[in-house]
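Engineer: My structure is below; once you've seen it, I'll send some questions.
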Amino acid sequence: MSDSTVPRPEASRPETGPDTNRPETAAPQELVRLLQDFTLEANHYVDAAGGRNDMHRTDLNALAVIMRHTAAGKVVTPGVLRAELRLSSPATTALVDRLHASGHVVRERLGTDRRQVQLQMTPKAYRDGSAMFMPLAIRMGKAMAAYSPEELELVTRFMTDMVEATLAAREEATQPEPN
């Protein structure tokens with residue numbers, strides 16, 4: 001028998017189900033660790049790619065927010081950035097000023113009184129973003145090519161659930177603790 005066909009003893013398999021000692025709501029630790037590793041490495045990539053282009057992570061996050069909202073047909077204002085990125089008003093102003101000075105966003109006045117400012121990404125922002133993140137997209141695409149459509153569908157469902165679970169946990173963490 002080759003090593004790849006040697007059955008593993010039952011004791012080495014992780015136990016699951018109601019008769020284990022861990023709570024049913026606890027996640028398998030190895031999978032949680034891998035998700036944490038992925039998050040950390042993705043953050044390192046963003047820092048490295050942004051650093052090569054003299055852009056801070058907050059700048060890149062702001063462009064991601066603008067891109068997401070624009071794709072959904074929504075108007076993006078400095079207030080939207082402030083809320084989504086959890087920044088103070090002065091920090092938001094500095095962020096928008098940096099993005100404007102670097103040629104990544106333009107400010108457009110909206111409405112009849114023209115007081116509200118809409119932020120729009122420039123072609124330069126799309127070019128720079130593509131240059132920064134295309135290497136990651138290519139490598140991820142190559143890794144995904146090893147999976148069947150059914151496996152990718154399952155992983156997509158899983159990652160969607162993980163994002164929703166993270167959002168729910170974040171919301172819970174922002175609530176004041178009961179006295």
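The values are calculated or read from the model by the stated rules, or taken from the named source; none is laboratory data. Predicted model, so just to flag it, every value in this text is computed and none were measured. Quick reminder, even Gly has a Cβ in these numbers, built from the backbone with ideal geometry, and neighbours come from all protein chains shown. Ligands, DNA and RNA are excluded from the accessible area calculation, which covers all protein heavy atoms including side chains. Shrake-Rupley method; radii C 1.70, N 1.55, O 1.52, S 1.80 Å.
Engineer: Given the structure, is R98 under 23 Å from the mean Cα position of the chain (by Cα), under 24 Å from V75 (Cβ atoms), of a type outside the set (A, V, I, L, M, F, W, C) and loosely packed, with under 14 Cβ neighbours inside 10 Å?
Structural biologist: no
Engineer: Could you list, in sequence order, all residues of segment 78-95 that are hydroxyl-bearing (S, T, Y) and surrounded by fewer than 18 Cβ atoms within 10 Å (Cβ to Cβ)?
Structural biologist: Listed by number, the residues that qualify are S88, S89, T93.
Engineer: Quick one: A173 ticks every box in (1) open to solvent by 70 Å² or more (accessible area, probe 1.4 Å); (2) small (G, A, S); (3) in contact with a Lys or Arg (Cβ under 9 Å, 6 or more places away or on another chain) except a single one, so which number is it?
Structural biologist: Of everything listed in (1) open to solvent by 70 Å² or more (accessible area, probe 1.4 Å); (2) small (G, A, S); (3) in contact with a Lys or Arg (Cβ under 9 Å, 6 or more places away or on another chain), A173 misses just condition (3).
Engineer: When you scan segment 68-75, do you find a residue that is in contact with a Leu (Cβ under 9 Å, 6 or more places away or on another chain), in contact (Cβ under 8 Å) with a residue 24 or more places away in the chain and open to solvent by less than 40 Å² (accessible area, probe 1.4 Å), even just one?
Structural biologist: Looking for residues that are in contact with a Leu (Cβ under 9 Å, 6 or more places away or on another chain), in contact (Cβ under 8 Å) with a residue 24 or more places away in the chain and open to solvent by less than 40 Å² (accessible area, probe 1.4 Å), one finds none in segment 68-75, hence no.
Engineer: List, please: which pairs have Cβ atoms under 7 Å, are six or more places apart or on different chains, and start with a residue in segment 146-165 that is in contact (Cβ under 8 Å) with a residue 40 or more places away in the chain and farther than 18 Å from P28 by Cβ and end with one that is basic (K, R) and open to solvent by less than 90 Å² (accessible area, probe 1.4 Å)?
Structural biologist: Cβ pairs passing all conditions: none.
Engineer: If I ask for residues that are out of contact with any His (no Cβ under 7 Å at 6 or more places or on another chain) and in contact (Cβ under 8 Å) with a residue 24 or more places away in the chain, which ones from segment 32-50 would you list? Talk me through it step by step, then tell me what you get.
Structural biologist: Keep residues of segment 32-50 that are out of contact with any His (no Cβ under 7 Å at 6 or more places or on another chain), which gives 32-49.
Across segment 32-50, the qualifying residues are L35, Y45, A49.
Engineer: So for segment 41-62 (the condition being of a type outside the set (G, A, S), open to solvent by less than 90 Å² (accessible area, probe 1.4 Å), over 29 Å from L119 (Cβ atoms) and modelled with pLDDT of 90 or more), does at least one residue qualify? Outline the logic, then answer.
Structural biologist: Going residue by residue through segment 41-62, those that are of a type outside the set (G, A, S) are 41, 43-47, 52-61.
If we keep only those that are open to solvent by less than 90 Å² (accessible area, probe 1.4 Å) as well, we get 43, 45-47, 53, 55, 57-61.
Subsequent filtering for residues that are over 29 Å from L119 (Cβ atoms) retains none.
There is no residue in segment 41-62 that is of a type outside the set (G, A, S), open to solvent by less than 90 Å² (accessible area, probe 1.4 Å), over 29 Å from L119 (Cβ atoms) and modelled with pLDDT of 90 or more.
Engineer: In addition: In segment 109-150, what residues are open to solvent by less than 50 Å² (accessible area, probe 1.4 Å) and more than 15 Å from M67 (Cβ to Cβ)?
Structural biologist: L110, V117, G141, S148, listed by residue number.
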